[in-house]
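Q: Supplied in structure tokens, the structure appears directly below.
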Amino acid sequence: MLDVIKQKIEAEIERLSHELTKELPERIKAALEHGDLRENADFKAAKERQAFVEARLDHLTTRMTELSKIDVKEMPFDRVGFGSRVKIRDLELGDDFEFTIVAGDFIDLDAGHVSLASPIGRGLLGAKVDQEVKIALPAGERRYKIMDLTTLPQQLEEPAG
């Protein structure tokens, strides 16, 4: 799990670094050749993109630093945390949901990923199987029960197959 996330971040850092050092300077240079910068939409767009890419690279670098500090050996075996596969039941609706708790801004609901930073991720953090939790969502408070849990340390102990 950690390796997959690190690979995704590294790939994005590489792509953005290339854009920042190769593509954007060429776009800015070409825009400068068009003259008056006050009404030059290409120049403005390239500079805005440059600022975005720099901010995103800073964010990704911070995320890599955070991930490098995660020690799976220190993670609990019986509580929801980063990398946990969780099955919960909405106690009001009776619906079950299964997903994996992922870091930061890696959210892919179609793939069954919920961010640790999201209200559900934060609300489930530290919960155990059969525990009921109340989570404040934008649509109101919901009650869930942890039906099943496989923590990251447990997943890493499972034989590959």
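Q: With respect to Ile28, is the statement that it is farther than 30 Å from Ala127 by Cβ, in contact (Cβ under 8 Å) with a residue 40 or more places away in the chain and of a type in the set (A, V, I, L, M) true?
A: no
Q: Let me ask something else. Is it fair to say Lys145 is at pLDDT 85 or above, more than 23 Å from Thr62 (Cα to Cα) and not in a loop (DSSP other than H, G, I, E, B)?
A: Judged against the criteria, Lys145 is a match.
Q: Residue check: is Lys128 touching a residue at least 12 places away in the same chain (Cβ under 8 Å), among the basic types (Lys, Arg), over 21 Å from Ala11 (Cα atoms) and not in a strand (DSSP E or B)?
A: When the stated conditions are applied, Lys128 passes them.
Q: Scan (1) in contact with a Leu (Cβ under 7 Å, 6 or more places away or on another chain); (2) assigned by TED's automatic domain parsing to the domain that holds Glu14; (3) of a type in the set (A, V, I, L, M); (4) under 18 Å from Ile5 (Cβ atoms) for the single condition Ala103 breaks and write down its number.
A: (2)
Q: Check off (1) farther than 19 Å from Ile9 by Cα; (2) modelled with pLDDT of 85 or more for Pro76 and give me the number that stays unchecked.
A: All conditions are met except number (2).
Q: Looking at the stretch 54-86 only, could you name the residues that are of a type in the set (Asp, Glu) and under 25 Å from Glu19 (Cα atoms)?
A: Glu54, Asp58, Glu66
Q: Okay, next question. Looking at Leu16, Leu24, Leu57, Leu37 in this structure, which one is among the hydrophobic types (A, V, I, L, M, F, W, C), over 22 Å from the mean Cα position of the chain (by Cα) and either modelled with pLDDT of 75 or more or on the phi > 0 side of the Ramachandran plot (or both)?
A: Within the list Leu16, Leu24, Leu57, Leu37, the selection yields Leu24.
Q: Considering only the stretch 77-95, state which residues are of a type in the set (D, E, K, R), without any contact (Cβ under 8 Å) to a residue 60 or more places away in the chain and surrounded by 12 or more Cβ atoms within 10 Å (Cβ to Cβ).
A: Across the stretch 77-95, the qualifying residues are Arg89, Asp90.
The values are calculated or read from the model by the stated rules, or taken from the named source; none is laboratory data. All figures in this text were calculated on a predicted structure; none of them were measured in a lab. In this analysis, Cβ positions are derived from the backbone assuming ideal geometry, glycine residues included, and neighbour counts consider all displayed protein chains.
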